[in-house]
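All remarks here apply to the structure that follows.
The values are calculated or read from the model by the stated rules, or taken from the named source; none is laboratory data. The shown structure was predicted, so the numbers you read here are calculated from the model rather than taken from an experiment. Cβ: placed from backbone, ideal geometry, glycine included. Neighbour counts: every protein chain shown.
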Amino acid sequence: MNTEEKFHQIEKYRDSFILELHESSNRTVFAKKNSENLFNLGLTMYSKEYSLQSAIYNGFAVSYLDENISLHPEQMKILNKISENIGTIFSAPTSFGKTFVIFEYIVRYKPKNVVLIVPTLALVDEYKQRVINKYKEEFSEYRVYLSINPDGQYDFSKYNLFILTHDRVVTEDADKILSEIDFLVIDEVYKLKKDMSNDRVLILNLAYKLLAEKARKYVLLAPFLKNIKNIEKLKSEPNFYSSNFAPVVNEVIEYKILDERDREEKTSDILLNLKGKTLVYFPTVSSLNKYARSINILKDIAPNPILEEFIDWAKEEIHEEWSVLKALERGVLVHNGQLPLGIRMIVLELFNDLESNFDVMLCTSTLLEGVNTAAEHIIITKPARSTNEFDAFDFFNLVGRTGRLYRYYLGTAHYIRGPEDREYLKGEALKSIEFEVTSESIDMDINNGHYQDHPEFIELLNKLAISYEDYKTNLATVCRFSTVKFIYTRYQNNKSELINAIKEFSELGQQSKLKLIRPLYKIIESNTYNSYLNTYIINVLTYKTAPNIRQTVEKTREAFKKTDIDLDRIITTTIKMKSSYIEHEFYKKISVVLYFMKLEGFAKLVEIVEENLMTNIEKVYFINSPSKKILKDIGVYDRDIKIISAIINEDFETVNELKKRIQENFHKIEPKIGIVSKYILRRLIE
């Protein structure tokens, strides 16, 4: 029997004991009776002190974070590997407890300056909650930052902990400001994999490159990786370790359908026969919303003051016809990346609460981003993200969102398999990937100064009449070369229309800036379907005093009353534009267009766009206000941020200081803000 077969055999034995524990009528009795076997299989969290060996081991492996928890043997192994190596890449199933090991390492070894990089603000919040609240005593020495202030002063002789998204690392010049990094962690590192169509993948690879070069020690975390290609090209050739250990079991049940149109009906049939916390996965927000409008669980929801206040607030702030609100009133939760962060946090709280009676949550691929849920079941309505079919890695990453240590020993995925859908085998989930930072990529070559072998890049430099350093400073960390080239081509093809629109806007005065937005949108977007609706909503949401979502929706309904655009589509588009698109896509790409205009001598026209559009976006979305940005990043609803800032002042940079000020002033703040912000601030100061 080779090593791989041996590991597979151990995994089968381990799963069989976990399943017996799951099915046992008295789990304590079962664990005592089988303590030796559980211990030998590494399931020390179940064997506890029921055998002498297990008692000794668990006493030795007590966590520094939580004295009620002992690290299992695989966690101890990776803890030692991190300690022994400059660089470590670690892959393990979702339920392994990878993040717990990272926090355990920090508390045990006390690295002075720690940088934790995660892909989403939801994970920033999850990390922040552990450091500020759950383990506040253990992390009391650390000053906690959620962003980098280019004008800030950082004392690296003291204990600092930065929790950042990868785009913040690059856009906020973290590599220049963070002069000392003792311990760097990048979570969900499979996102470093080469994807030449994705600007955000480039940003993550740049973040890794810039910070890993400075870090004295670093760790990359991911599920289901078999190996990393060209690992020797990474800094210090990190030690790669992959574990198949999981303290829960995941199984997949297939439901074959003969017609694509049967997916919704089959989803409802499965739901009727399930008990317990259940996620229902949809490949797109539109397919989720369509189902949300029709689903009705008909279940009594436990009285909840937060829920009742949230429903009243959402009717006024969002819209009484919002599909998310309609589903909520029927006993169903909705979670997707387009929802404001604070709302997503409330939704997760209701789902994870065993007493809430909210047992069903409709979700999209946001749940693939490492967000913590406690689910017994997941229904996969279609194995895809948007129009892209899942590979085995994506599929089992989603399957792994079920099961929870000590709560759900078995997590079950219910896979609705259509006539064109493939079979997924767990062995295929472990895959080899290549990071863009180690590959032959034009963007990495450009950022590394090796651009001479790319004539198309040199051609663009010549067209722009700029130096390589100018390009690197102004464009290279904003978008991929392909995106910059696309925007430049579109700009040249539509320049006359844009210039004329800006001049006309300036000469006539008192005109809607919609005249500016539409030609700009035409330049930056390849798909201009729905452009009239999208640009109208962008225009309203970038007023100097931005209206709320409900006011924007009603204004848009009135403007498009002669069309057949349905209300839910207007609501969904407005939320998407407000929560993510304007700040992260529109503003960034328009900045590229304005840079091209400056190069061609249109500085006066650029000033008009900046004064009437870009400045509005900066103010409304707090782009240049670090303290307001922190409030937004922790989930405070944007309409409450100015109120809170006026009460607590803005001269703070750490979450520790923010928490202190909120605690001191919460009695003044609470009556003036909405339920979402109240909920977020209570979580912060609890």
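Looking at (1) aliphatic (A, V, I, L, M); (2) part of a helix (DSSP H, G or I); (3) within 30 Å of Ser95 (Cβ to Cβ); (4) modelled with pLDDT under 90, which is the one condition that is false for Leu210?
It is condition (3) that Leu210 fails.
In the set Leu43, Leu71, which member is within 25 Å of Thr373 (Cα to Cα), surrounded by 18 or more Cβ atoms within 10 Å (Cβ to Cβ) and in contact (Cβ under 8 Å) with a residue 40 or more places away in the chain? Lay out the reasoning, then the answer.
Details: Leu71 fails: in contact (Cβ under 8 Å) with a residue 40 or more places away in the chain.
Only one candidate qualifies: Leu43.
Being of a type outside the set (Lys, Arg), under 22 Å from Asn534 (Cα atoms) and under 35 Å from the mean Cα position of the chain (by Cα): is that true of Tyr468 here? Please lay out each step first, then the result.
Working: of a type outside the set (Lys, Arg): yes; under 22 Å from Asn534 (Cα atoms): no; under 35 Å from the mean Cα position of the chain (by Cα): yes.
Against the criterion (of a type outside the set (Lys, Arg), under 22 Å from Asn534 (Cα atoms) and under 35 Å from the mean Cα position of the chain (by Cα)), Tyr468 does not qualify.
Is region 330-348 home to any residue that is surrounded by fewer than 21 Cβ atoms within 10 Å (Cβ to Cβ), farther than 22 Å from Gln129 by Cα and not polar (S, T, N, Q)?
yes
Out of Ile517, Ile499, Ile523, I need the residue that is within 27 Å of His454 (Cα to Cα), at pLDDT 95 or above, assigned to a helix (DSSP H, G or I) and β-branched (Val, Ile, Thr). Which one?
Step by step, each of Ile517, Ile499, Ile523 is checked, and only Ile523 is within 27 Å of His454 (Cα to Cα), at pLDDT 95 or above, assigned to a helix (DSSP H, G or I) and β-branched (Val, Ile, Thr).
Take the residues in region 356-402 that are part of a loop (DSSP other than H, G, I, E, B) and hydroxyl-bearing (Ser, Thr, Tyr); name whichever of them is nearest to Pro93 (Cα to Cα).
If we take residues in region 356-402 being part of a loop (DSSP other than H, G, I, E, B) and hydroxyl-bearing (Ser, Thr, Tyr), then Thr373 is nearest to Pro93 (Cα to Cα).
Determine, yes or no, whether Leu516 is among the hydrophobic types (A, V, I, L, M, F, W, C), touching a helix residue (DSSP H, G or I) at 6+ places or on another chain (Cβ under 9 Å) and more than 30 Å from Ser441 (Cα to Cα).
So Leu516 fits the description; yes.
Out of (1) closer than 30 Å to Arg422 by Cα; (2) modelled with pLDDT under 90; (3) not acidic (Asp, Glu), the odd one out for Thr284 is which?
Against the list (1) closer than 30 Å to Arg422 by Cα; (2) modelled with pLDDT under 90; (3) not acidic (Asp, Glu), Thr284 comes up short only on (2).
Hey, which of the helices (runs of 4 or more DSSP H) in region 17-77, taking only ones fully inside, have at least 1 residues that are over 24 Å from Glu137 (Cα atoms) and over 37 Å from the mean Cα position of the chain (by Cα)?
27-33, 35-40, 52-60
If the requirement is being surrounded by fewer than 16 Cβ atoms within 10 Å (Cβ to Cβ), outside any loop (DSSP other than H, G, I, E, B) and within 28 Å of the chain's Cα centre (by Cα), which of these qualifies: Lys632, Lys660, Lys619?
Lys660
Looking at Asp640, Asp651 in this structure, which one is out of contact with any Phe, Trp or Tyr (no Cβ under 6 Å at 6 or more places or on another chain), buried (at least 20 other Cβ atoms within 10 Å of the Cβ) and of a type outside the set (A, V, I, L, M, F, W, C)?
On the way: Asp651 fails: buried (at least 20 other Cβ atoms within 10 Å of the Cβ).
Of Asp640, Asp651, the one residue that is out of contact with any Phe, Trp or Tyr (no Cβ under 6 Å at 6 or more places or on another chain), buried (at least 20 other Cβ atoms within 10 Å of the Cβ) and of a type outside the set (A, V, I, L, M, F, W, C) is Asp640.
Out of the residues in region 171-189 meeting the condition of being outside any loop (DSSP other than H, G, I, E, B) and crowded, with 21+ Cβ neighbours inside 10 Å, tell me which one is modelled with the lowest pLDDT.
By that ranking, first place goes to Ala174.
In this structure, does Arg682 turn out to be surrounded by fewer than 17 Cβ atoms within 10 Å (Cβ to Cβ) and in contact (Cβ under 8 Å) with a residue 40 or more places away in the chain?
It is false that Arg682 is surrounded by fewer than 17 Cβ atoms within 10 Å (Cβ to Cβ) and in contact (Cβ under 8 Å) with a residue 40 or more places away in the chain.
Please enumerate the residues belonging to region 530-547 that are outside any helix (DSSP H, G or I), among the polar types (S, T, N, Q) and either under 17 Å from Arg639 (Cβ atoms) or under 26 Å from the mean Cα position of the chain (by Cα) (or both).
Within region 530-547, Thr542, Thr545 meet the criteria.
Could you tell me which of the residues Leu367, Leu362 is aliphatic (A, V, I, L, M) and touching a Ser or Thr at 6+ places or on another chain (Cβ under 7 Å)?
Leu367
Can you work out which of the residues in region 129-155 that are of a type in the set (D, E, K, R) and farther than 14 Å from Glu653 by Cα is surrounded by the fewest Cβ atoms within 10 Å (Cβ to Cβ)?
Within region 129-155, the first condition is being of a type in the set (D, E, K, R), and the residues that meet it are 130, 134, 136-138, 141, 143, 151, 155.
If we keep only those that are farther than 14 Å from Glu653 by Cα too, we end up with 130, 134, 136-138, 141.
On the way: Arg130: 19, Lys134: 14, Lys136: 13, Glu137: 8, Glu138: 19, Glu141: 11.
Looking at the filtered set, the residue picked out is Glu137.
Which residue, of Glu237, Glu232, Glu260, Glu254, is over 30 Å from Pro419 (Cα atoms), in contact (Cβ under 8 Å) with a residue 24 or more places away in the chain and over 26 Å from the mean Cα position of the chain (by Cα)?
Glu237 is the lone residue from the list that is over 30 Å from Pro419 (Cα atoms), in contact (Cβ under 8 Å) with a residue 24 or more places away in the chain and over 26 Å from the mean Cα position of the chain (by Cα).
Against the conditions (1) at pLDDT 95 or above; (2) assigned to a helix (DSSP H, G or I), where does Val131 fall short? Just the number, please.
So Val131 meets the others, but not (1).
Could you say which residue among Lys158, Lys194 is within 23 Å of Glu650 (Cα to Cα) and either out of contact with any strand residue (DSSP E or B) (no Cβ under 6 Å at 6 or more places or on another chain) or at pLDDT 85 or above (or both)?
None of the other options fit; the residue is Lys158.
Quick one: which of Phe7, Phe30, Phe17 is closer than 22 Å to Gly97 by Cα and either modelled with pLDDT of 95 or more or buried (at least 17 other Cβ atoms within 10 Å of the Cβ) (or both)?
Phe17 is the lone residue from the list that is closer than 22 Å to Gly97 by Cα and either modelled with pLDDT of 95 or more or buried (at least 17 other Cβ atoms within 10 Å of the Cβ) (or both).
Examine region 613-636 for a residue that is over 19 Å from Pro150 (Cβ atoms) and without any contact (Cβ under 8 Å) to a residue 60 or more places away in the chain, and state whether such a residue exists.
no
Pick out the one residue from Ile117, Ile106, Ile102, Ile82 that is on the phi < 0 side of the Ramachandran plot and either in contact with an Asp or Glu (Cβ under 6 Å, 6 or more places away or on another chain) or not in a helix (DSSP H, G or I) (or both).
The unique qualifying residue is Ile117.
Of the numbered conditions (1) crowded, with 20+ Cβ neighbours inside 10 Å; (2) polar (S, T, N, Q); (3) touching a strand residue (DSSP E or B) at 6+ places or on another chain (Cβ under 9 Å); (4) part of a helix (DSSP H, G or I), Thr412 fails exactly one; give the number of that condition.
(4)
Working only within region 338-353, note down all residues that are in contact (Cβ under 8 Å) with a residue 12 or more places away in the chain and part of a loop (DSSP other than H, G, I, E, B).
Result: Gln338, Leu339, Pro340.
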